[in-house]
Amino acid sequence: MADYKVRFEVFEGPLDLLLYLVKKEEVDIYEVNLSTLATQFLEYLDLMRQLDLDVAGEFIVMAATLLYIKSRELLPVDQQVAVEGEEEGPDPRWDLIRQLVEYKKFKDAAARFQELEQLQESIYPHQPPAEHPLPPTSFPSPQVSLFDLLSAIQQVLKRLSERQPPEEIVDDRWTVAGQMEHILRVLLEQPRITFRALFDTMAHRAEVVTTFLALLELIRLQQVVAHQEETFGEILLTRRRPNTETASAIPVSAGGATSGAFLS
């Protein structure tokens with residue numbers, strides 16, 4: 001497992017994560033506490049490293065920016081303006097908020113275009129040739145972002161750490177390939193299962209991490225669909241019907257359960 005890294009050709013960026021955290025806090029962007037946001041951002045960054053997810057350089061830059069803003073806010077008010085002769089420069093806090101506002105506008109516009117595209121497809125459906133009919137599907141549109149999945153696995157790991165440690169010492173016998181087969185077997189027996197239920201019986205951190213990486217790989221390959229019935233709700237896992245086409249990258253969502261799709 002240690003040699004396995006998940007790498008995505010398309011990856012949600014640091015602004016996506018910030019918007020996700022703002023939405024989770026249920027506050028206006030202009031009123032967000034960037035110090036709190038910095039702490040949460042670093043927790044997600046640390047989690048991605050623990051899971052061997054390939055963290056892009058812009059996440060490190062954003063983490064440094066947030067730490068700088070947080071350090072400025074710890075200073076007395078009369079010293080926050082004049083820091084190392086930067087009184088003539090822009091306020092990094094408001095510069096970041098401006099970036100978030102502008103980025104959210106583009107995300108909202110992209111989500112609106114996606115809604116219009118789906119509406120148009122429902123009016124003028126694509127009719128496959130009779131000799132190659134597409135299998136019918138009843139799956140709901142997947143609405144889970146990568147950060148929803150990270151938040152869910154963070155809770156699983158937290159619950160695991162609070163349990164009594166197992167008495168026996170076991171070898172790290174789990175592999176990503178093996179856990180992919182395990183997940184598909186589970187979904188064959190239960191067509192729909194919650195994210196939490198998939199991990200509830202696991203007693204070892206290595207098993208949880210390997211299974212999570214296996215789940216990400218199955219989602220990337222479009223063999224499993226992850227969706228939520230409401231924003232920040234329980235994540236549901238469903239097996240996708242076999243398809244002749246396999247995705248090569250993760251189309252990212254617009255940063256939440258109501259905007260865009262994760263592997264649609």
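Any read-out appearing in this document is the output of simple, stated calculations on the displayed coordinates, not a laboratory observation. What you see is a predicted model; the values in this text were computed from it and never measured. Reconstructed Cβ throughout: ideal geometry from the backbone, glycine too, with neighbour counts over all protein chains shown.
For a footprinting-style exposure proxy, rank W94, W174 by other Cβ within 10 Å, fewest first.
W94, W174
Could you name the lysines in cross-link range of K158, using Cα to Cα under 23 Å and dropping any fewer than eight places away on the same chain?
Qualifying lysines at Cα under 23 Å: K5, K23, K24.
Just grab the label-to-label distance for T175 and D54, each label 7 Å out from Cα along the Cβ direction, in nm (one decimal).
2.2
For S145, S71, S35, what ranking results if the residue with the fewest other Cβ atoms within 10 Å of its Cβ goes first?
Least crowded to most crowded, the residues run S71, S35, S145.
For region 200-243, which trypsin sites (Lys or Arg not before Pro) are both in a DSSP coil and crowded by at most 11 other Cβ atoms within 10 Å?
Here no trypsin sites (Lys or Arg not before Pro) fit, given the DSSP loop and packing criteria.
To make sure I understand, if each residue's beta carbon is the centre and we count other beta carbons within 10 Å, what order do T211, T194 fall in, fewest to most?
Ranking T211, T194 by Cβ neighbours within 10 Å, fewest first, gives T194, T211.
In terms of modelled amide H atoms, which long-range or inter-chain residues lie less than 5 Å from the amide H of V224?
Those qualifying (amide H under 5 Å, at least 5 residues apart or on another chain) are I219, R240.
For region 170-231, restrict the atom set to alpha-carbon positions and state the Rg and Dmax in Å.
11.8, 39
Could you calculate the contour length gain from Q120 to V27, that is, 0.36 nm times the residue separation minus the distance between their Cα atoms, to one decimal place in nm?
Value of the extension gain: 30.1 nm.
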